[in-house]
Amino acid sequence: MDFNLTGKVAIVTGGASGIGAAISETLAAEGAYVVVNYRGREKQAIDLCNRFADQYHTKALPVYGDISKAVDIENIISETIKAFGKIDILVNNAGVWPTSFVLDMSDEEWESTVKTNLTGTFLFCKRFIHHLVDRHSGGKIVNMVSQAAFRGSTTGHAHYAAAKGGVVAFTISLAREVAKLGINVNAVAPGMARTPMNEKELGEREDEYLARIPLGRIADPMEVAYAVAFLVSDKANYITGATLDVTGGMLMR
């Protein structure tokens, strides 16, 4: 299926590793120009962009930025416009997943987790939408959430689950606000995928996670990326305010 992404400009936050790297690659393979945002994986981001150019004959740009900081987000947007002249797609993928049970969790860890995973999504969406309004253009936003947004956490990630639950509600609210502007806002809720972020957790309790997944296996990040590519394509023009579950059956809502 042709998703008609050739020449579209996409920003993928946290786009240098894990699910973010898979999303970046899938969009590049579909012909989009991809801005791979990174915070601590500069070499990975550069290597990815070089490979995309060679393998898919498209343009890709690595751009540093901490998405919990408005000034960094504004710089990412500025660098993207400078390179490509516009932005059509935003994938809010960057996030943190620290482990602490509530009784042991520091106030600072709660605040930093919510700031990155929830507030950062708000900050980026707001500025991206201003860009679309200035261009008199529609656009696509996909916010990455989690099955934990609906089921909560039993493994010491209450702050992560709370932030992602907030992103689900924010996605719906924003979709209602900007639908009249031709802007689609959706979310994708992955289950457990094999990424550097959860390598330690899977190493310690993979059987426990597998027992909760009806399909009986951990996802490959590309399986999540395909769902994102669909939602940012013109094939999903009539979908907004939705959360697409890619959980191997953990939610079945």
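The values are calculated or read from the model by the stated rules, or taken from the named source; none is laboratory data. These figures come from a predicted structure and were not determined experimentally. In this analysis, Cβ positions are derived from the backbone assuming ideal geometry, glycine residues included, and neighbour counts consider all displayed protein chains. Remember, those area values only see protein heavy atoms, side chains included, never the ligands or the DNA or RNA. Shrake-Rupley method; radii C 1.70, N 1.55, O 1.52, S 1.80 Å.
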Are there any pairs with C-beta distances below 6 angstrom linking a residue in the stretch 2-19 that is basic (Lys, Arg) to a residue that is surrounded by fewer than 24 Cβ atoms within 10 Å (Cβ to Cβ), with the two at least 6 apart or on different chains, and if so which?
-> LYS8/ASP88
A careful count of residues in the stretch 83-98 that are surrounded by fewer than 22 Cβ atoms within 10 Å (Cβ to Cβ) and closer than 29 Å to ASN4 by Cβ gives 4
Which condition number does LEU215 fail, the rest of (1) open to solvent by 50 Å² or more (accessible area, probe 1.4 Å); (2) of a type in the set (A, V, I, L, M); (3) over 29 Å from GLY139 (Cα atoms); (4) in a helix (DSSP H, G or I) being met?
-> (4)
Could you say whether any residue in the stretch 194-210 is more than 17 Å from PHE124 (Cα to Cα), among the acidic types (Asp, Glu) and outside any helix (DSSP H, G or I)?
-> no
Output for the stretch 1-25, where each listed residue is in a helix (DSSP H, G or I) and either open to solvent by 60 Å² or more (accessible area, probe 1.4 Å) or of a type outside the set (A, V, I, L, M) (or both) = GLY18, GLY20, SER24, GLU25
Within the stretch 26-47, work out how many residues are part of a helix (DSSP H, G or I) and buried (at least 24 other Cβ atoms within 10 Å of the Cβ).
-> 4
Search the stretch 154-176 for residues being modelled with pLDDT under 95 and either farther than 18 Å from SER112 by Cα or basic (Lys, Arg) (or both), and hand back the single one that is surrounded by the fewest Cβ atoms within 10 Å (Cβ to Cβ).
-> THR154
Quick check: anything in the stretch 137-147 open to solvent by less than 50 Å² (accessible area, probe 1.4 Å) and either in a helix (DSSP H, G or I) or among the basic types (Lys, Arg) (or both)?
-> yes
Apart from one, (1) under 22 Å from THR26 (Cβ atoms); (2) exposed (fewer than 15 other Cβ atoms within 10 Å of the Cβ) all hold for GLU208; the odd one out is (1)
Selection from the stretch 91-128 of residues touching a strand residue (DSSP E or B) at 6+ places or on another chain (Cβ under 7 Å) and among the aromatic types (Phe, Trp, Tyr) yields TRP97, PHE124, PHE128
Applying the selection to the stretch 48-57, what residues are touching a strand residue (DSSP E or B) at 6+ places or on another chain (Cβ under 9 Å) and surrounded by fewer than 16 Cβ atoms within 10 Å (Cβ to Cβ)?
-> ASN50, ARG51, ALA53
Restricting attention to the stretch 218-229, and to residues there that are touching a strand residue (DSSP E or B) at 6+ places or on another chain (Cβ under 8 Å) and assigned to a helix (DSSP H, G or I), which single residue is most open to solvent (accessible area, probe 1.4 Å)?
-> GLU223
Qualifying residue in the stretch 89-107 (condition: free of Cβ contacts under 8 Å to residues at least 60 places away in the same chain, charged (D, E, K, R) and over 29 Å from ALA242 (Cβ atoms)) | yes
Working only within the stretch 58-82, note down all residues that are in a helix (DSSP H, G or I), open to solvent by 40 Å² or more (accessible area, probe 1.4 Å) and out of contact with any strand residue (DSSP E or B) (no Cβ under 6 Å at 6 or more places or on another chain).
-> VAL71, GLU74, ASN75, SER78, ILE81, LYS82
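Kindly indicate the residue of the stretch 177-188 that is in contact (Cβ under 8 Å) with a residue 40 or more places away in the chain and part of a helix (DSSP H, G or I) and also least open to solvent (accessible area, probe 1.4 Å) among those meeting that condition.
Ranking the candidates gives VAL178 first.
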